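For reference, the structure discussed in these notes is given below.
The values are calculated or read from the model by the stated rules, or taken from the named source; none is laboratory data. The shown structure was predicted, so the numbers you read here are calculated from the model rather than taken from an experiment. Don't worry about glycine lacking a Cβ; one is built from the backbone with ideal geometry, like all the others, and counts go over all protein chains shown. Just the protein is used for accessible areas: all its heavy atoms, side chains included, with ligands, DNA and RNA removed. Shrake-Rupley method; radii C 1.70, N 1.55, O 1.52, S 1.80 Å.
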Amino acid sequence: MRWLIHLFPLPALVIYTLFVVYPIFSAFLYSLYDWNGIKRGAFVGLQNFMTLFTVEPFNEMFWNAFRHNVFYFVVEMIVQNGIAFGLAFLIYRKIRGSGFLKIAYFMPRLLSVIVIGFLWKLILNPNYGALNTVLAKIGLEEWSRPWLGDPDTALLAIILINCWFGIGFAMLIFLAGLQSIPEDLIEAARLDGATGLRMLWKMILPLCMPAITIMTIFTFIQAFEAFELVYAMQGSMGEPFYSTDTLAVYFYRMAFSSGAGDVTLGLGSALAVVLFCIVGSVSALSLYLMRKREVQH
């Protein structure tokens, strides 16, 4: 009867195949055909990919969204993960109230992304939003602006909101990495004279590399799949003037959003395949390179 044990993963495998593997293969298949709405037309091979990269305005929209995704990743790595590691290190040092802080920092993660987007749209409203009101109260009214209506600030505002939303999760990952470091290694480093920044740079960061690797890859995937918060706050057009457009939003607009013009399911599927290749290849390469730098303990 031991063979029954091998059947236990079957339901999860079926669900994974149905909702992950099948959509990936179907997207690649759809990208090889011309489409008239949702009606499949003639086989066109790689023509949709060539159109995506060489024909205006598709190529311009693609590279515009791609730059935004790269910017999304860089800001999240610096702001979200930088602050999260600092908070995790403070809690690791067992400062007073660390248990409460651990819960407080994670609280935003419990909210729905749609709720987060709605609340921050109210806070950033140029007419009655809390942020501009506070700036006016403290004498900084010249700093007030339509944060989500200005192409220069809209994308950065959304990314910083996403950082605020994700800091708690990143902090827990880093904290788990810090707590996995054997205490005797830390004591040995102190006896050798390592303190302060030297201890952090030479001892703690190398030993925390597995957690850093996980968060780097997770942040990259999250940045290049950014959709929910952008859609909740700016819609499928990446407003204003496509300044908040991302590859995932662009894909949704092409493949499903008839309000943005003709639905181009073939081009949308081609973009989905390209996005999958970018995320998969860069994540695998990053995992390989960063694993080589990890320190065993």
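Just a yes or no: is a residue in the stretch 73-93 acidic (D, E) and over 23 Å from V282 (Cα atoms)? Break it down stepwise before answering.
Of the residues in the stretch 73-93, the ones acidic (D, E) are 76.
Going one step further and asking which of them are over 23 Å from V282 (Cα atoms), we end up with none.
So far as the stretch 73-93 goes, no, none of its residues is acidic (D, E) and over 23 Å from V282 (Cα atoms).
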Being within 30 Å of I278 (Cβ to Cβ) and touching a residue at least 12 places away in the same chain (Cβ under 8 Å) narrows it down to one residue among N81, N132; which is it? N81
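Going by the conditions given, is F174 open to solvent by 30 Å² or more (accessible area, probe 1.4 Å) and not in a loop (DSSP other than H, G, I, E, B)? So that I can check it myself, show each step before the final result.
Values: open to solvent by 30 Å² or more (accessible area, probe 1.4 Å): no; not in a loop (DSSP other than H, G, I, E, B): yes.
Taking the combined requirement at face value, the residue does not satisfy it.
For Y252, are the conditions met, namely being closer than 16 Å to L156 by Cα, surrounded by 17 or more Cβ atoms within 10 Å (Cβ to Cβ) and aromatic (F, W, Y)? Spell out how you get there, then give the answer.
Numbers: closer than 16 Å to L156 by Cα: no; surrounded by 17 or more Cβ atoms within 10 Å (Cβ to Cβ): yes; aromatic (F, W, Y): yes.
Taking the combined requirement at face value, the residue does not satisfy it.
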Might you let me know whether the stretch 283-291 holds any residue that is among the charged types (D, E, K, R), at pLDDT below 90, closer than 22 Å to Q47 by Cα and surrounded by fewer than 16 Cβ atoms within 10 Å (Cβ to Cβ)? no
So for the stretch 37-56 (the condition being surrounded by 13 or more Cβ atoms within 10 Å (Cβ to Cβ) and assigned to a strand (DSSP E or B)), does at least one residue qualify? yes
Please tell me if M237 is free of Cβ contacts under 8 Å to residues at least 24 places away in the same chain and assigned to a loop (DSSP other than H, G, I, E, B). yes
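How many residues does the stretch 20-36 contain that are more than 16 Å from M254 (Cα to Cα) and either surrounded by 11 or more Cβ atoms within 10 Å (Cβ to Cβ) or at pLDDT 85 or above (or both)?
Pass one, the stretch 20-36, residues more than 16 Å from M254 (Cα to Cα): 20-26, 29.
Those left that are additionally either surrounded by 11 or more Cβ atoms within 10 Å (Cβ to Cβ) or at pLDDT 85 or above (or both): 21-26, 29.
Residues that pass the stated criteria total 7.
Yes or no, residue by residue, for (1) in contact with a helix residue (DSSP H, G or I) (Cβ under 9 Å, 6 or more places away or on another chain); (2) in a helix (DSSP H, G or I); (3) of a type in the set (S, T, Y):
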residue: I114; (1), (2), (3): yes, yes, no
residue: W120; (1), (2), (3): yes, yes, no
residue: T133; (1), (2), (3): no, yes, yes
residue: E142; (1), (2), (3): yes, yes, no
residue: R145; (1), (2), (3): yes, no, no
residue: G149; (1), (2), (3): no, no, no
residue: I158; (1), (2), (3): yes, yes, no
Of the residues that sit in the stretch 81-103 and are in a helix (DSSP H, G or I) and of a type in the set (G, A, S), which one is farthest from L197 (Cα to Cα)? G99
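Do we find that S269 is among the small types (G, A, S) and open to solvent by 20 Å² or more (accessible area, probe 1.4 Å) in this structure? Even if it seems obvious, please write down each step before you answer.
Numbers: among the small types (G, A, S): yes; open to solvent by 20 Å² or more (accessible area, probe 1.4 Å): no.
When the stated conditions are applied, S269 does not pass them.
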Report, by residue number, each residue of the stretch 92-142 that is aromatic (F, W, Y), within 27 Å of M237 (Cβ to Cβ) and open to solvent by 70 Å² or more (accessible area, probe 1.4 Å). F118, Y128
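Return yes when E187 is in a loop (DSSP other than H, G, I, E, B), more than 25 Å from R109 (Cβ to Cβ), open to solvent by 10 Å² or more (accessible area, probe 1.4 Å) and modelled with pLDDT under 90 and no when it is not. Let's see the steps before the verdict.
Details: in a loop (DSSP other than H, G, I, E, B): no; more than 25 Å from R109 (Cβ to Cβ): yes; open to solvent by 10 Å² or more (accessible area, probe 1.4 Å): yes; modelled with pLDDT under 90: yes.
When the stated conditions are applied, E187 does not pass them.
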Considering only the stretch 148-169, I want to know if a residue exists there that is more than 27 Å from L197 (Cβ to Cβ), of a type in the set (F, W, Y) and open to solvent by less than 30 Å² (accessible area, probe 1.4 Å). yes
